[in-house]
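I have placed the structure first, in the form of structure tokens, so that the comments after it can refer back to it.
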Amino acid sequence: DQQVKQNSPSLSVQEGRISILNCDYTNSMFDYFLWYKKYPAEGPTFLISISSIKDKNEDGRFTVFLNKSAKHLSLHIVPSQPGDSAVYFCAAGYQKVTFGTGTKLQVIP
Amino acid sequence: DSGVTQTPKHLITATGQRVTLRCSPRSGDLSVYWYQQSLDQGLQFLIQYYNGEERAKGNILERFSAQQFPDLHSELNLSSLELGDSALYFCASSGDLNTEAFFGQGTRLTVV
């Protein structure tokens with residue numbers, strides 16, 4: 001039972017444009033959400049989070065949007081840079097953290 | 001450097017064997033998580049410990065077990081290994097139950 005889903009396994013974006021990564025969840029008990037970035041041969045690194053009481057959180061080029069009614073969150077990266085090329089995992093937490101399967105982002109110079 | 005240390009980095013072993021993966025959390029973090037990442041798969045949650053107690057359990061096989069010691073380091077024991085157990089095993093730690101977790105570099109287990 002995949003409670004956190006990232007339906008796009010990959011995404012290609014031109015440098016300077018916006019990258020939008022999407023995530024859907026099914027468990028309405030989740031009360032906080034996170035995005036992690038993972039480079040090959042490294043562990044995931046925390047990027048940004050949002051509590052269920054908010055609908056938007058910004059940190060520099062990264063913004064996470066939460067739509068609780070749709071059980072959907074998204075990560076916007078503006079402007080995208082080649083160094084952003086990585087696998088992005090969304091995660092949702094309630095007692096434990098459940099990860100999605102990841103979206104591989106490629107930013108083309 | 002996340003502050004989470006996992007050893008060993010690589011492990012090659014034969015089917016049927018038993019291995020122990022070790023994790024030292026960030027200083028002061030009480031919560032330790034174990035995840036498995038198989039080829040082309042996402043991060044599968046295995047188990048979580050909080051201050052020595054099992055807190056949550058995911059899709060952890062009965063052949064696998066874990067514990068968290070009084071000094072807060074954790075070990076994941078994998079026994080009767082099968083080829084399909086080959087994966088990256090990540091440990092993560094967090095200071096509280098509802099905060100971001102910091103991941104180690106992972107242990108790559110290859111079962112031959």
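Numbers at a glance
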{"read-out": "Residue among B:Gly84, B:Gly42, B:Gly95 that is of a type outside the set (S, T, N, Q) and facing chain A (nearest Cβ under 9 Å)", "value": "B:Gly42"}
{"read-out": "Unique match (being surrounded by 19 or more Cβ atoms within 10 Å (Cβ to Cβ) and not hydroxyl-bearing (Ser, Thr, Tyr)) among A:Pro9, A:Pro40, A:Pro44", "value": "A:Pro44"}
{"read-out": "Qualifying positions in the range B:68-101 - outside any helix (DSSP H, G or I) and farther than 24 Å from A:Thr45 by Cα", "value": "B:Phe69, B:Pro70, B:Asp71, B:Asn77, B:Leu78, B:Ser79, B:Ser80, B:Leu81, B:Glu82"}
{"read-out": "Some residue of the range A:36-45 being hydrophobic (A, V, I, L, M, F, W, C), under 23 Å from B:Tyr35 (Cβ atoms) and not in a strand (DSSP E or B)", "value": "yes"}
{"read-out": "Some residue of the range A:28-37 being loosely packed, with under 15 Cβ neighbours inside 10 Å and more than 11 Å from chain B (Cβ to nearest Cβ)", "value": "yes"}
{"read-out": "Condition met for B:Ser79 (surrounded by fewer than 20 Cβ atoms within 10 Å (Cβ to Cβ), more than 14 Å from chain A (Cβ to nearest Cβ) and closer than 25 Å to A:Tyr39 by Cβ)", "value": "no"}
{"read-out": "Single match in B:Ser27, B:Ser74, B:Ser38 (criterion: free of Cβ contacts under 8 Å to residues at least 60 places away in the same chain and crowded, with 23+ Cβ neighbours inside 10 Å)", "value": "B:Ser74"}
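Conditions tested, residue by residue: (1) out of contact with any helix residue (DSSP H, G or I) (no Cβ under 7 Å at 6 or more places or on another chain); (2) within 14 Å of chain B (Cβ to nearest Cβ); (3) among the polar types (S, T, N, Q).
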{"position": "A:Ser10", "(1), (2), (3)": "yes, yes, yes"}
{"position": "A:Gln14", "(1), (2), (3)": "yes, no, yes"}
{"position": "A:Thr26", "(1), (2), (3)": "yes, no, yes"}
{"position": "A:Ile50", "(1), (2), (3)": "yes, yes, no"}
{"position": "A:Ala70", "(1), (2), (3)": "yes, no, no"}
{"position": "A:Leu75", "(1), (2), (3)": "yes, no, no"}
{"position": "A:Val87", "(1), (2), (3)": "yes, yes, no"}
{"position": "A:Leu105", "(1), (2), (3)": "no, no, no"}
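Where a number appears in this text, it was derived from the coordinates with a stated rule and is not lab data. Everything quoted here is computed from the prediction, not taken from an experiment. Cβ sites come from the backbone with ideal geometry, for glycine too, and all protein chains shown count toward neighbours.
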